[in-house]
Amino acid sequence: MSTVARTVAVYVPLLSGSLSMMGSGSILCSIYHGRKTKLRDPQHRILGMMSIFDMFYSLCKALTFVLYPAGFGVPTFGNATTCTIQGFFTQFGYGAGTYNLVLSLYYYLTINRGMKQRDFARRLEKVLHFFVVSLHISFAIAGASIGLFNKTPAFCYIAPAPYGCTKNPDVPCTLHGTTFPYFYEAFAQIWIQLAYVVIFLTNMAIWMYVRRQEKAMQVYSMSRRNMTLSTDAKFGKMKKKSKHARDVFIQSMLYVGAFVLSWSWATVFHLVGWIGGYQAFWPVLLINAFLPLQGFWNAFIYARPRYLRVRRKSDSRLTFLQVLKLVFLPPKPTGPTTTLLSQGGTLHTQNGTSHHPCGTLHYEGGAASTAVTKHSPLSPAVDVSGHPAASSEAASSVSEEVEEEEKVMEEEEKVMEMEEKVMEMEEKVMEM
């Protein structure tokens, strides 16, 4: 590999890693702001842990030019110790990839198996968190303690030492000359491949479930004229359930796309070295450019449900760029609303106070919940073509409407949880 190629490969992750840290940081910021409600949802906790692992991984990748040992004519400033540090946090950061497996498993169990969030949290979530965290931190500690993290062509990870000893017969390998491929399989590739298998199977099952729900909806809709009040209510619940399943499936597939786009290059890098017997420049460049970007993609996927709500509420009053600004940098509303729940289960709203996460960000993450339409007139049409005051007023109005809808959605979820608890209590009473 030439000096120019190695320099490009070393400095590319400074950009991709920084973008990923910004993305994962925005997710954590949003979760922290809405911690009273979001931390009750397992998917937000899973996404939060995924973002934490990604922050460590992206940081150590962004600092490759600082941590990579000096030499090869490349302007780097590291040594053997900093190389081990990068390898340690790279190995630890692989937990971000494993959390994609956990997220897909959560979607499958809640959609296909009908598992309640609280049941998932009680039965599986703690075990899964403990497994992922302990597994990857154990691998990181073990790798650092046995000198497993050494120089590769443009980053530090599992490799024999000294560099190039496996290709040069005049340079004997002092560390892991023959064993490093097995460590790489056990510490990295086996978990990436396992994630691929679980993600593929669970998302295929979710897709089949969504298709069955949609076919059932078609059968019900054809006979809707002869429905009684009770069957019509059943149809409404089926429609709501089908829409929620489709929303979850779309969101899940987007996270899968981010995972594949980011983590596939680690497998390509491994296969090229295994099959070809050499480490080419292009897989090294791609792994350094794309693998740290998962947090960047995740931020947009996480913000997608709120973007759709803002776009719907804007009613062509805002441009695309104004909508994006409202999603990621919403203005502080002057007349926000708070949702109240009456004794009869009816949802109402009244004026109240709202705050934004970290003073800037506020958007709903994970799968889009079932929408609740608020039947209230939108603000009067505002001319936003180049008029700053009018544009600000329109953005503030849309922000308030979206905030109100999100609060209504939260209250509806609480109502559904209460109804489920009542049904469970009634079943227990009947069994007695």
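The values are calculated or read from the model by the stated rules, or taken from the named source; none is laboratory data. None of these values were measured; they are calculated from a predicted model. Positions of Cβ are generated from backbone atoms using ideal geometry, with glycine treated the same way; all protein chains shown enter the neighbour counts. Accessible surface areas use protein heavy atoms only, side chains included; no ligands, DNA or RNA. Shrake-Rupley method; radii C 1.70, N 1.55, O 1.52, S 1.80 Å.
Does the stretch 42-59 contain any residue that is touching a Cys at 6+ places or on another chain (Cβ under 7 Å) and buried (at least 21 other Cβ atoms within 10 Å of the Cβ)?
no
Which is in contact with a strand residue (DSSP E or B) (Cβ under 8 Å, 6 or more places away or on another chain) and either in a loop (DSSP other than H, G, I, E, B) or touching a residue at least 40 places away in the same chain (Cβ under 8 Å) (or both), of Tyr157, Tyr209?
The conditions single out Tyr157.
Go through the residues of the stretch 85-104 one by one and say whether even a single one is crowded, with 19+ Cβ neighbours inside 10 Å and touching a Pro at 6+ places or on another chain (Cβ under 6 Å).
Checking the stretch 85-104: not a single residue is crowded, with 19+ Cβ neighbours inside 10 Å and touching a Pro at 6+ places or on another chain (Cβ under 6 Å).
How many residues, within the stretch 146-174, are open to solvent by 50 Å² or more (accessible area, probe 1.4 Å) and within 37 Å of the chain's Cα centre (by Cα)?
3
For the stretch 61-81, does any single residue satisfy the condition of being part of a helix (DSSP H, G or I), open to solvent by 50 Å² or more (accessible area, probe 1.4 Å) and among the hydrophobic types (A, V, I, L, M, F, W, C)?
Yes, because at least one residue in the stretch 61-81 is part of a helix (DSSP H, G or I), open to solvent by 50 Å² or more (accessible area, probe 1.4 Å) and among the hydrophobic types (A, V, I, L, M, F, W, C).
Quick one: which residue in Val197, Val133 is crowded, with 16+ Cβ neighbours inside 10 Å, out of contact with any Phe, Trp or Tyr (no Cβ under 8 Å at 6 or more places or on another chain), in a helix (DSSP H, G or I) and among the aliphatic types (A, V, I, L, M)?
Val133
Mind listing whichever residues of the stretch 181-206 are of a type in the set (Ser, Thr, Tyr), closer than 14 Å to Leu148 by Cβ and in contact (Cβ under 8 Å) with a residue 40 or more places away in the chain?
Tyr184
For the structure I just gave you, tell me whether Arg45 is within 24 Å of Tyr302 (Cα to Cα) and among the basic types (Lys, Arg).
yes
Would you confirm, using the coordinates I've provided, whether Ser24 is closer than 15 Å to Pro292 by Cβ, within 21 Å of the chain's Cα centre (by Cα) and open to solvent by less than 40 Å² (accessible area, probe 1.4 Å)?
yes
Is it the case, given these coordinates, that Tyr11 is at pLDDT below 90 and either more than 20 Å from Ile137 (Cβ to Cβ) or part of a loop (DSSP other than H, G, I, E, B) (or both)?
It is false that Tyr11 is at pLDDT below 90 and either more than 20 Å from Ile137 (Cβ to Cβ) or part of a loop (DSSP other than H, G, I, E, B) (or both).
For Thr84, all conditions in the list (1) out of contact with any strand residue (DSSP E or B) (no Cβ under 6 Å at 6 or more places or on another chain); (2) part of a helix (DSSP H, G or I); (3) over 20 Å from Ser16 (Cα atoms) hold save one; what is the number of the exception?
All conditions are met except number (1).
Residue pairs, Cβ under 8 Å, 6 or more apart or interchain, first in the stretch 55-75 and more than 21 Å from Ser2 (Cα to Cα) and aromatic (Phe, Trp, Tyr), second in a helix (DSSP H, G or I) and open to solvent by 10 Å² or more (accessible area, probe 1.4 Å). List them.
Final answer for the pair search is Phe56/Phe89; Phe56/Phe92; Tyr57/Phe89; Tyr57/Phe92.
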